[in-house]
Amino acid sequence: MNHLRWKIVAFLVAPMTFVMTLDRAAMAVAAPTIQSELGLSIVQMSMILTVYFWTYSIGQVPAGRAAERFGSRKVLFGTSVLWSLMMIVTPIGKSFAWLFGCRLLLGGAQSADWSSGIVALKRWFPHSERAKGNAILLAGLYLGPIVSAPLTAWIMLRFGWHAAFYGFGALGLVLGAIWWLGYRDTPQAHPLITKAEADHIAAGQLPENPQVKGEFLKCLKLPRFWVFGVQYFLLVLIQSFYTTWLPTYLMRARGLSLKAVGVYASLPWVAVFVAVFVAGVLCDRLLRITGSIYWARTPVAIAGFIASALALIAASRAQTIVAVMALLCISFGAVGFVQVVVWSTTQDLGRAYTGVMSGWTNVWGALSNVAGPMTVAFAVKITHSWESGMVVIGTAAAGGALLWLFVHPERPLQVGTPTTTTPAGSVLPAQREAPGKTDADLF
């Protein structure tokens, strides 16, 4: 059987997400140089850095809806051209207003990347393989922090900060063109796919009802819709520690040199990069063995939440740097397991509205990326202890394990959508459609 679907995610979808992370990180690495060169105040620089995340958050749900309605091919191509052009023109201006505007548009354009990728995976992968597909997409996301800082720094040292923006922007334009040429919104429309692979993908799709205008807004009244968003908020509390405070923690709390931090701070990212592949294989295997969406998702998410929280708390109290780094790697690796489950469940719950469901989930993640670092900062300031900050977010995140008892990934949110599960959550042997159960049956 042809394996075009794996080539699509590995060489088209994941690289687009990877270049997005390069673009996002470039300003953070170059910020001190830009601030000094242009004479910007610390307040102005902070506004330039943070406006990206506000427009990125606001654009999530509309971008997801656009991916569903117009297809990932058009949406991701158009937005990738826009965000790449914003990278290229950023160094042209020399004022606060120019940089602020470029970052504002960059964040809004990049809000389409993740939801477009999730919709693409849903359409191109049978349900039994989606965890591995999502793992590859997440790998593209987590590879960025491993590569972005050293690559951006190297380019800046050799060619100046302008070159980093020009180079990443040009790379985005090239990948956008390759995306347009190589991707199609449905497997059947792709000129290179075989009939056997197209039939395999179609046979593995979960049943879903056609979209009805305004129907998904009804989900705002459903408890599981909010439960799913809150559990992701709690998960990203831990992840935000690694994206913001890890280098500072290793230097100030553990006494490492800047040179040592460059090595040690990358280890948890390597751990989560490897973990998502393991999680993808595990979840798909559990689905085949148990025949149950519930048992292939919920236990993995609960175990991941608990392991991540406990390891982070233990790391804050460990005495040796070897123990600290081992526990931090376990903690972030466990986050990777939950991430694979979360985005597979987004497709399970959302079905025809996967794009909007993805955007909704990412909004909660963006909010947590603000709340998490602030929570740690306030805890450290009040107690003068990094341990307290890590314990607070670790304890809060552990609550995500409890929330997963109410997610029920085997029961789609779309009212009236037939499920492929028995009341206990097991997939029926012949994939017969049973009457759908809604939140009214659960709460």
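Here are some notes:
- Between 0 and 90°, nearest 10: helix 42-58 axis offset from the chain longest Cα axis: 10 degrees
- The stretch 189-198 - phi-based ³J(HN,Hα) in whole Hz, Karplus 6.51/-1.76/1.60, Gly and Pro as x: 7, 7, x, 9, 7, 8, 5, 4, 6, 4
- Derived scalar couplings ³J(HN,Hα) [the stretch 83-93; Karplus, 6.51 cos²θ - 1.76 cosθ + 1.60; whole Hz; x for Gly, Pro]: 5, 5, 5, 5, 5, 5, 8, 3, x, 5, x
- For the chain, with +1 on Lys and Arg beta carbons and -1 on Asp and Glu, the positive-most of 248, 336, 146 along the dipole: 146
- Rounded to 10°, Cα long-axis angle of helix 293-317 versus longest principal axis of the chain: 20 degrees
- Radius 13 Å from Cβ of residue 315, net charge of other residues (Lys, Arg +1; Asp, Glu -1): +1
- Among the listed values (i) 21.0; (ii) 28.4; (iii) 19.2, the one computed from these coordinates for mean projected area of the Cα convex hull in nm² is (i).
- Close Lys pairs in the chain, defined as Cα atoms under 30 Å apart and 8 or more places apart or on different chains, number 22.
- Near residue 75, once Lys and Arg are set to +1 and Asp and Glu to -1 for all other residues with Cβ below 14 Å from its Cβ, the sum equals +3.
- Gaussian network model of the chain, springs between alpha carbon atoms under 10 Å - residue of 292, 368, 41 with greatest fluctuation: 41
- The slack in the chain from residue 41 to residue 202, taken as 0.36 nm per residue of separation less the alpha-carbon distance, amounts to 52.4 nm.
- Residue among 323, 30, 414 farthest towards the positive dipole end of the chain, charges placed on Cβ: 30
- Within the stretch 1-205, the proportion of Cα pairs with more than 24 Å between them is 42 percent.
- 3J(HN,Hα) couplings calculated from phi for the stretch 364-378 with the Karplus curve 6.51 cos²θ - 1.76 cosθ + 1.60 (θ = phi - 60°) are, in sequence order, 5, x, 5, 4, 5, 5, 8, 5, x, x, 5, 4, 4, 4, 5 Hz; Gly and Pro show x.
- Remark on residue 292: its backbone amide H falls under 5 Å from those of 427, a criterion applied only to residues 5 or more positions apart or on other chains, H modelled at 1.01 Å from N.
- Charging the Cβ of each Asp and Glu at -1 and of each Lys and Arg at +1, and nothing else, the dipole of the chain about its Cα centre rounds to 160 debye.
- Among 284, 199, 348, the ranking by other beta carbons within 10 Å of each residue's beta carbon, starting with the fewest, stands as 199, 284, 348.
- Exposure proxy shown here: for 404, 226, the number of other Cβ atoms within 10 Å sets the order, fewest to most, as 226, 404.
- Treating r as the C-beta distance of residue 289 and residue 212 and R0 as 45 Å, the FRET efficiency rounds to 0.80.
- With respect to the chain, whose longest principal axis is taken over its alpha-carbon atoms, helix 14-38 is tilted by about 20°.
- Extension gain for the segment residue 33 to residue 378, taken as residue separation times 0.36 nm less the Cα-Cα distance, is 121.4 nm to one decimal.
Every number in this text was worked out from the coordinates using simple rules, so none of it is lab data. In this text the structure is predicted, and so the values were computed from the model without any measurement. Neighbour counts run over all protein chains shown; Cβ positions are idealised from the backbone, glycine included.
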